[in-house]
Amino acid sequence: MASKTPVGFIGLGNMGNPMAKNLMKHGYPLVIYDVFPDACKEFQDAGEQVVASPADVADKADRIITMLPTSMNAIEVYSGANGILKKVKKGSLLIDSSTIDPAVSKELSKEVEKVGAVFMDAPVSGGVGAARSGNLTFMVGGVEEEFAAAKELLACMGSNVVYCGAVGTGQAAKICNNMLLAISMIGTAEAMNLGIRLGLDPKLLAKILNMSSGRCWSSDTYNPVPGVMDGVPSANNYQGGFGTTLMAKDLGLAQDSATSTKSPILLGSQAHQIYRMMCAKGYSKKDFSSVFQYLREEETF
């Protein structure tokens, strides 16, 4: 019966919404909170419990998953005036699946430890499609003895749950992954744009890339060129998916981490500037694969 005790879920955005639904499918009753009440409506209609603050979630559930946009949101949800730490029970398991600064994860972990609860960082990779299908990859940092308890929940939402080490290592793995993703998406967009301008059919070029050494996730699963693939944001005017603002944020985290560790990230820094420029030019709400459209518009330079 333990597995059927309520699970708290805070943050029902593009990723949190389908993640929470997968927990429901596995029979977990939910205690829900989102800063936007409308995001909770379909869960309330399905009979799940909606509460007024993160503290109220902690009051009703001793296992809580948070899925938030930024480090500041995470600090507010855990440590704010109505935060989780105001009412958290001793022995509670708090799993943060947001992508935030590893240093913030470590700081939150210390605060959680002081009140006798357990904090783990478990950011995800795979995007909205994998969130819907329950095939996310979770990168988990925290006390190893608690990993099995976290995995029980995370395996309902992901097909890969990987233990990375101490708190903050999950975030480190996620930041490295997203930096590579940003670089490969820009590279795919540049290659596709060049090929199209040289007279190649985009579908044919994508097919060739995907059977050749240039193949990557950005080319074979999430192609940025409209009309090449169905079911991806480029087929829907770059709506949905993983927003340009969020990619710029993650690249900023990579930049900060590179500075603190004295690591050269030449292409990572360039990718950061490109995505920041896109945000300034009206692409902030579009999927990050819209870098292809941005390059097309900027081709006069």
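From the list L85, L108, L136, L93, which one is over 30 Å from P233 (Cβ atoms) and in contact (Cβ under 8 Å) with a residue 40 or more places away in the chain?
Every option except L93 fails the conditions.
Look through G8, G27 and report the one residue that is of a type in the set (G, A, S), out of contact with any Ser or Thr (no Cβ under 8 Å at 6 or more places or on another chain) and over 22 Å from G243 (Cα atoms).
None of the others qualify; the one that does is G8.
How about segment 47-73: which of its residues are part of a helix (DSSP H, G or I), touching a Ser or Thr at 6+ places or on another chain (Cβ under 9 Å) and farther than 13 Å from F9 by Cα?
Answer for segment 47-73, where residues must be part of a helix (DSSP H, G or I), touching a Ser or Thr at 6+ places or on another chain (Cβ under 9 Å) and farther than 13 Å from F9 by Cα: S71, N73.
Restricting to segment 233-278, count the residues that are modelled with pLDDT of 95 or more, surrounded by fewer than 21 Cβ atoms within 10 Å (Cβ to Cβ) and outside any helix (DSSP H, G or I).
So the answer is 5.
Yes/no matrix, rows are residues, columns are (1) over 30 Å from P264 (Cα atoms); (2) of a type outside the set (F, W, Y); (3) outside the structural domain of I65 (by TED's automatic domain parsing):
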| site | (1), (2), (3) |
| --- | --- |
| M139 | no, yes, no |
| G142 | no, yes, no |
| A150 | yes, yes, no |
| M157 | yes, yes, no |
| V161 | no, yes, no |
| L194 | no, yes, yes |
| K203 | yes, yes, yes |
| S212 | no, yes, yes |
| G231 | yes, yes, yes |
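Conditions tested, residue by residue: (1) of a type in the set (S, T, N, Q); (2) surrounded by fewer than 15 Cβ atoms within 10 Å (Cβ to Cβ).
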| residue | (1), (2) |
| --- | --- |
| Y163 | no, no |
| I175 | no, no |
| N178 | yes, no |
| A182 | no, no |
| G187 | no, no |
| E190 | no, yes |
| L194 | no, yes |
| R197 | no, yes |
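Take the conditions touching a Gly at 6+ places or on another chain (Cβ under 9 Å) and among the hydroxyl-bearing types (S, T, Y) and apply them to Y238. Does it pass?
Details: touching a Gly at 6+ places or on another chain (Cβ under 9 Å): no; among the hydroxyl-bearing types (S, T, Y): yes.
Answer is no for this residue.
Looking at segment 35-65 only, could you name the residues that are touching a residue at least 60 places away in the same chain (Cβ under 8 Å) and among the aliphatic types (A, V, I, L, M)?
Once the filter is applied, which keeps residues that are touching a residue at least 60 places away in the same chain (Cβ under 8 Å) and among the aliphatic types (A, V, I, L, M), segment 35-65 yields only I65.
The values are calculated or read from the model by the stated rules, or taken from the named source; none is laboratory data. Keep in mind that what you see is a predicted model, and the values were worked out from it rather than measured. As a convention, Cβ positions derive from the backbone with ideal geometry for all residues, glycine included, and neighbour counts pool all protein chains shown.
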